[in-house]
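Have a look at the structure below before the remarks.
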């Protein structure tokens, strides 16, 4: 069957933006084999032709300066990398992996990936690590953003299944936005909410929960500027007051949930007045928020890192999900608890077992039946897949320090800059016997330490599929050729597998073969995609939301599909499980030495560690330097003036930036963006001070809270 071409008569090709998890459709034009212009795809249902500045300026990232063009190796940490052939680089990397396995066992090897990989790449990384190397030590930077939501979805719904879709924005009357500055981080969705509110003429209410006043909170009817880390206290209080206001869906609770009795009992004493003590909010605002939730119609809840990046991240997710379940706001138009992903293919990685505890098709390493199913599919001996959970991101650093991990293979991410306590991370990577880094760019804070550098193709230079936050799978066709000797990530994995002696199991004619192999592993699962094919995705350019089993082929893909419309969940009894969220303060202690709470986050025109966006002069204009927001009450007490250089110190490290004295941040808290690493600004990375404490269930670090002190920076 001939595949429909995405090439239009006017020379524009269609693709998907490579930044956040919204999954905007883009049109791409090339000149002399290089991307020369990008604009929004007006036919794509996600963004309808609109783009944020990052997406609109995607053509700026194609500069040869800073691209990794050829394989390189170095002999010793003090040596400069030297260019080598692909065979030599792969031989060096595979030899290190084989020696580590032979001398120390398969768990001495770690693979660390990224939500920027396409799903086919993710699948092959997991297959190689878990099925053939024999270690579950495969994790991704999604651990830093989505792990708490994944854990809560699995335990509440029986599957990692975000239930709502973007079409619900136009049907919602109430928006509860928790720990998410959507205007900066998911701007296209924010714009859809803003348009919905404006069109509804008073019917739509927006509640924003955030210690900072942001552009997102400007459209809020109520802005709950709570103390950092007190989300569970607020959400328990809201459910307490919603119940008093008559806002529960008693029929849904009886028929479609389990655990409500325990949750109801846990609400005792959680009045608005008690929540005031912990959150620092006005009781009247809590009561009005509860009244809106109880009586204003369907509620769509969005949250992201502000809830997930916490030592109580899973409990915050439980509390958010409980609020939707208790009010019947799930499985219906305009309703649902929806965690937003921060990366373009974080969802695809979750589908294909990209985390240290998961396997393809939303299976779990801990489940013996799941392991056996994947072993049969991969034609490996029973027991080949370890029953031991793999090492997660923060644990990777600890194992490197103890000498238990010898070889780390990093792909499409920059952990030295993105992980908390980045000085410690750097030292840990320096202790690895061999660090293999596969990236499109060099130098980055991580590639600077690499023993083996493998040049990878980036967006538009390779094809594949990605899944956005609403479970929409889209096809990316290759538009341009990668520069130099760079290769698509999947081809690099195939080369490594062959060098390790597993070549027969990794013979593919192309991406389509890989897609069909992992598609079969979804059969009968909650995210069954057996009805999807490359030709169908090419024909249906807007993408297809899962589930889409083979039986769905009888009709065209539907738009705006939501899960659980019949009230049946993926649990043994078909009921959603409600869990009692436990209130606990953040792990880092506020005291006289460290009296302020540091929050880290994004700015609108930068992304992650600036590997791409930092190369755009236009994007750099909006925020050319890192900064620290501090409330006037705190600044005056510390003798800090606006635009003064300050030092921010935690129990782990310190960074220096320029102060912004502003009422936008509540007193007792400070905010700094996390984008700037050591390559972009000396001693200015907020991750030098960020907390490494993790949620005990999700293993997600508490990047949204660190106890710090702030003082004028020393002068030379």
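Every read-out reported here was derived from the displayed coordinates using simple, explicitly stated rules and does not represent laboratory data. Here the structure is a predicted model, which is why all the values come from computation and not from measurement. Here the Cβ is made from the backbone with ideal geometry for all residues, glycine too, and neighbour counts use every protein chain on show.
Some points to look at:
- Segments 91-103, 67-79, 441-453 sorted - mean Cβ within 10 Å per residue, highest first: 441-453, 91-103, 67-79
- Evaluated over the Cα positions of the stretch 14-83, the convex hull gives a direction-averaged projected area, one quarter of its surface, of 6.7 nm².
- Volume of the convex hull of the stretch 168-238 (Cα atoms only), normalised per residue: 88 Å³.
- Estimated FRET transfer efficiency when R0 is 51 angstrom, pair residue 215-residue 523 (beta carbons, to 0.05): 0.70
- Ellipticity estimate at 222 nm from DSSP helix runs (n ≥ 4, -39,500 (n - 2.57)) divided over the chain, nearest 500: -8000 deg cm²/dmol
- The simple Förster model, with R0 at 22 Å and r as the Cβ-Cβ distance, assigns residue 78 and residue 427 a FRET efficiency of 0.90.
- FRET efficiency estimate (nearest 0.05) - Cβ-Cβ, residue 404 to residue 199, R0 41 angstrom: 0.10
- Dividing the radius of gyration of the alpha carbons in the stretch 161-320 by their Kirkwood radius gives 0.94 for Rg/Rh.
- In nm, spacing of pseudo-spin labels at residue 261 and residue 539 (7 Å Cα→C-beta vector): 5.2
- Remark: the stretch 323-461 is approximated by an ellipsoid whose semi-axes, taken from the C-alpha gyration tensor as √(5λ), come to 31, 23, 17 Å, largest first.
- For the stretch 500-528 versus the stretch 641-716, the gap between their alpha-carbon centres in whole angstrom: 43
- Linear extension gain, residue 102 paired with residue 651, 0.36 nm per residue minus alpha-carbon span: 193.7 nm
- Over the stretch 1-139, Cα pairs under 8 Å with separation of 6+ residues give a relative contact order of 12 percent.
- Cα-derived Rg to Rh of the stretch 478-535, Kirkwood definition: 1.06
- Cα centroid separation, the stretch 219-247 to the stretch 49-127 (Å): 44
- Across the stretch 312-343, the residues whose backbone nitrogen lies under 18 Å from the label position 7 Å along the beta-carbon direction of residue 573 are 322, 325-326.
- Length gained when the stretch residue 662-residue 642 is fully extended (0.36 nm per residue, less Cα-Cα span): 6.4 nm
- Based on alpha carbons, the Rg and Dmax found for the stretch 411-463 are 11.7, 36 Å.
- The base-10 log of I(q)/I(0) for the stretch 1-122, evaluated at q = 0.22 Å⁻¹, reads -1.30 [Debye formula, identical scatterers on Cα atoms, solvent excluded].
- Spin-label model, residue 274/residue 512: points 7 Å from Cα along the beta carbon direction are separated by 6.1 nm.
- Here the stretch 533-631 is described by how far its Cα atoms reach on the three principal axes: 63, 46, 20 Å, from widest to narrowest.
- With both labels modelled 7 Å from their Cα along Cα-to-Cβ, the residue 379 to residue 48 distance reads 5.0 nm.
- Alpha-carbon geometry of the stretch 596-712: the Rg and the Dmax are 14.1, 42 Å, given in that order.
- Per-selection Kirkwood Rh - the chain (Cα, Å, 1 d.p.): 25.8
- Computed packing ranks the peptides 578-584, 250-256, 542-548, 133-139 as 133-139, 542-548, 578-584, 250-256, most packed first, by mean other Cβ atoms within 10 Å.
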